[in-house]
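Let me begin by presenting the structure, written as structure tokens, before commenting on it.
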Amino acid sequence: MAVVEIDEGDSPLILGFPHTGTEVPADIAARLNDVGQQLADTDWHIHELYNGLVPGVTRVRATFHRYVIDANRDPSGTSLYPGQNTTGLIPETDFDNQPLWRDGQGPTAVDIADRLARFHAPYHAALAAQIARVKARHGVAILYDCHSIRSRIPFLFDGKLPDFNIGTDSGRTCDARLEAAAVAVTSQAPGYSTVLNGRFKGGWTTRHYGTPDRQVHAIQMELTQSSYLATETAPFAYDSTKAAKLRPILADLLQRLVHLAPRLPR
């Protein structure tokens, strides 16, 4: 199985997709219990939602599921949100705190080392290579990490999540003008809600690569699945009508990021 899919573009913008993959090798799938085999915590159809929104973007997509190993977690296993409920590098529970693995079949230290080498590292090697290529061409690279999640998950957060959850690690991972553009577009979108650096401040990808002083800028966008899926339960069907309303907003946002690229410090 190909661990990563890469589509090279000629713009300064890179779209990352660490959580849309649904491939699970047979030996790992056999260890998942009934809950785990549902793959419920997928960022369903996100790569389809963003497809073709702006020309020339580079896309880097992990094909493996986050239950194999989470490409948006620190490879050291350090928590992104100390003191808060979250899931780990190889999750042992789902977002509802339900066990994922058959009794005695959970991930071991050997599994972690193996899957870091087979899946996590190749994905990030590909992403890093594309960032370097784009930066060499434009003098700057903008990484926009694409995510989605159910709008209500009591184990992870209270109440209902805003539709647009923008993460920049409290402004550390990108130029302030990029952050402001993301907030401006989403906060002015009628019928949607927005938060900046709320429950989700950006995962390991955003925090690791977002180094504005080195001309690499990163933003994470966590969308509620209710904004583009028919339901947030199985079969997690893509809703073309909802998506048709959401896609122009996302296109406007991405285009603004592209237009800002030449103004960023070199």
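Considering each residue of region 170-192 in turn, none proves to be without any contact (Cβ under 8 Å) to a residue 24 or more places away in the chain and charged (D, E, K, R). Only residues that are in contact (Cβ under 8 Å) with a residue 40 or more places away in the chain and basic (Lys, Arg) were counted across region 202-217, and they come to 1. Quick check on Thr108: is it over 20 Å from His147 (Cα atoms) and more than 19 Å from the chain's Cα centre (by Cα)? The answer is yes for Thr108.
Of a type in the set (Val, Ile, Thr) and under 27 Å from Ala182 (Cα atoms): does that describe Ile131? It is true that Ile131 is of a type in the set (Val, Ile, Thr) and under 27 Å from Ala182 (Cα atoms).
With respect to the stated conditions, Val68 is among the aliphatic types (A, V, I, L, M), surrounded by 22 or more Cβ atoms within 10 Å (Cβ to Cβ), over 22 Å from Ala243 (Cα atoms) and under 16 Å from the mean Cα position of the chain (by Cα). Looking at region 32-52 only, could you name the residues that are over 25 Å from Leu89 (Cβ atoms) and exposed (fewer than 15 other Cβ atoms within 10 Å of the Cβ)? Scanning region 32-52 gives Glu48, Asn51, Gly52.
In region 92-113, the residues that are in contact (Cβ under 8 Å) with a residue 12 or more places away in the chain and surrounded by fewer than 17 Cβ atoms within 10 Å (Cβ to Cβ) form Cβ pairs under 9 Å with partners that are small (Gly, Ala, Ser) and in a loop (DSSP other than H, G, I, E, B), at six or more places apart or across chains, as follows: Glu92/Gly106; Asp96/Ala40; Pro99/Gly106; Arg102/Ala30; Gln105/Ala30. Per this entry, Gly56 is counted among residues that are exposed (fewer than 14 other Cβ atoms within 10 Å of the Cβ), touching an Asp or Glu at 6+ places or on another chain (Cβ under 7 Å) and more than 19 Å from Gly167 (Cα to Cα).
Selection of region 15-31 for residues being among the aliphatic types (A, V, I, L, M) and either part of a helix (DSSP H, G or I) or in contact with a Phe, Trp or Tyr (Cβ under 6 Å, 6 or more places away or on another chain) (or both) yields Leu15, Ala26, Ile28, Ala29. Out of Phe17, Phe64, one residue alone is within 30 Å of Asp158 (Cβ to Cβ) and modelled with pLDDT of 95 or more. It is Phe17. For His47, the conditions (1) in a loop (DSSP other than H, G, I, E, B); (2) over 17 Å from His208 (Cα atoms) all hold with the exception of (1). Of the candidates Ile112, Ile166, Ile142, Ile131, the single residue that is among the aliphatic types (A, V, I, L, M), assigned to a strand (DSSP E or B), modelled with pLDDT of 95 or more and over 25 Å from Tyr238 (Cα atoms) is Ile142.
The values are calculated or read from the model by the stated rules, or taken from the named source; none is laboratory data. Fair warning: this is a prediction, and the values are worked out from it, not measured in the lab. Note: ideal-geometry Cβ built from the backbone for every residue, glycine included; neighbour counts use all protein chains shown.
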